[in-house]
Amino acid sequence: MDVKVGAAPEPGLDPECLAYTAKACPMLNGSASEYRGSPVGVAHPVDRPCSDPGCSCPRIVPDAQHEVRSGRPADDWDAWMIRSAHYRLKLDQDQPGALLGIDLSVPVLRARPLRRAPRLRLEPTQIEQLRAALRALSL
């Protein structure tokens, strides 16, 4: 999805941090099959309502990247090695001053797959229909 837009919303990582992230991040290590349905920070970090007015839990407004991905099946993820001289930000041409992310229109020294998403992609309504059919069969 990011390659088609030409910008990645996530910052680049050095090789050591990439190795850690590839193991720890549920999206990269394959333990998450879809993107979060609710953005981080809108609710309490442990996904429960916070009634403490003095709580320091973040209040983040969902951005366009969350809206595009919300609840959708996971995408393929690759690691791109680029020279630091080519690492630059990409601004939105339609909204002056709005940042799209890291510019992906740069020479890539090496690309390595991190995660390949399953090719079967079902919409949430299709999943519910399949569940209902299995329940009807008592499975």
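The set of residues in segment 64-94 that are exposed (fewer than 11 other Cβ atoms within 10 Å of the Cβ) and either farther than 13 Å from residue 12 by Cβ or among the aromatic types (Phe, Trp, Tyr) (or both) comprises 67, 93, 94. For residue 97, state whether it is part of a strand (DSSP E or B) and on the phi > 0 side of the Ramachandran plot. The answer is no for residue 97. Picking from residues in segment 95-131 that are of a type in the set (A, V, I, L, M) and more than 24 Å from residue 35 (Cβ to Cβ), the one that is surrounded by the fewest Cβ atoms within 10 Å (Cβ to Cβ) is 109.
Coordinate-derived values only; no laboratory data. It should be emphasised that the depicted structure is a prediction, and the values quoted were computed from it without experimental measurement. Note that we place each Cβ from the backbone using ideal geometry, even for glycine, and neighbour counts take in every protein chain shown.
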